[in-house]
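Everything below concerns the one structure shown next.
The values are calculated or read from the model by the stated rules, or taken from the named source; none is laboratory data. These numbers were taken from a predicted model, which means no experiment stands behind them. Note: ideal-geometry Cβ built from the backbone for every residue, glycine included; neighbour counts use all protein chains shown.
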Amino acid sequence: MSHAAVFVDKDGTLVTNVPYNVDPAQLRFEPGALAALARLVSVGLEIVIISNQSGLGRGLFTWPQFLDLRQALERRLRDEAGVALRGFYICPHAPDAQGQATCDCRKPAPTLLLRAAQRLDLDLSRSWMVGDTLDDVEAGRRAGCRTILYDSGGETLWRDAPERRPHARRTHWSEVAATILADAWRERPSAGHTRAPRPAAWQRAG
Ligand SMILES: [Mg+2]
Ligand SMILES: [Zn+2]
């Protein structure tokens, strides 16, 4: 059976947003993010980063610089939380002067999530997208995922549309994890074969 994933935006969600940063020394995880990801992984969820990195297309940093940062991020997730990422998908393209995408992979397009799901055999309908902007929410909804707006102040425009309304809005990673775990727990009995009802304690005693 394909796995459920938690797709996570990088800047402003997993790590505190430092615009166009590629210096590993400036990586700061958002409060509670490491513990939350460890909990999500412990119930079998796959963690996949989905990130717009227009700094590449804008010429603000190079691929080697970005790959160094990515490696440092993955190493810290492993060392500090025991979390191995299942995937890391980015859009490297710059939008036009009006902020409109010039490619088909920049969020709010769902392309990166769809690509990850196909390559990694992920069940989008049981997966979540967590991000700090409504573009993340829209990408998640268009991919068929549930969505959480992690409100760290990253959204400034609040352009409204049905596909930009998150399923939940949270301000701390511990609440993000609790929301996803509550749902994963509810779904568990129907995920595979039907289970016999658990006998009451007095029935098990003998
Ligand atoms: Mg972001
Ligand atoms: Zn792109």
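Descriptive notes on the structure:
- Neighbours by Cβ (under 9 Å, 6+ apart or cross-chain): first from the stretch 50-74, over 27 Å from A143 (Cβ atoms); second within 12 Å of ligand 2 (Cβ to nearest atom) and of a type outside the set (A, V, I, L, M): L60/S54; F61/Q53
- Test set (1) part of a strand (DSSP E or B); (2) modelled with pLDDT under 95; (3) of a type in the set (S, T, Y) - T147 fails condition number: (2)
- S42 vs. criteria among the polar types (S, T, N, Q), within 14 Å of ligand 2 (Cβ to nearest atom) and under 28 Å from A182 (Cβ atoms): no
- The stretch 112-129 residues that are among the basic types (K, R), paired with ones that are assigned to a loop (DSSP other than H, G, I, E, B) and loosely packed, with under 15 Cβ neighbours inside 10 Å (beta carbon under 9 Å, 6 or more apart): R126/S2
- Cβ-Cβ distances below 6 Å connect the following pairs, each with a first residue in the stretch 1-30 that is within 16 Å of ligand 2 (Cβ to nearest atom), a second residue that is assigned to a loop (DSSP other than H, G, I, E, B) and of a type in the set (S, T, N, Q), and a separation of six or more residues or different chains: D11/N17.
- Identity of the residue in the stretch 80-104, assigned to a loop (DSSP other than H, G, I, E, B) and under 14 Å from I49 (Cβ atoms), that ends up farthest from ligand 1 (Cβ to nearest atom): A84
- Residues of the stretch 109-139 satisfying the condition of being within 16 Å of ligand 2 (Cβ to nearest atom), surrounded by fewer than 22 Cβ atoms within 10 Å (Cβ to Cβ) and in a loop (DSSP other than H, G, I, E, B): A109
- Among all positions in the stretch 143-150, there is at least one residue which is away from ligand 2 (no atom under 16 Å from the Cβ), of a type outside the set (A, V, I, L, M) and under 23 Å from V18 (Cα atoms).
- Test: V41 is among the β-branched types (V, I, T) and in a helix (DSSP H, G or I): yes
- If you filter the stretch 105-145 down to residues that are of a type in the set (D, E) and within 14 Å of V8 (Cα to Cα), you find that the one that is nearest to ligand 1 (Cβ to nearest atom) is D132.
- Flag for G59 being assigned to a loop (DSSP other than H, G, I, E, B) and farther than 25 Å from G99 by Cβ: no
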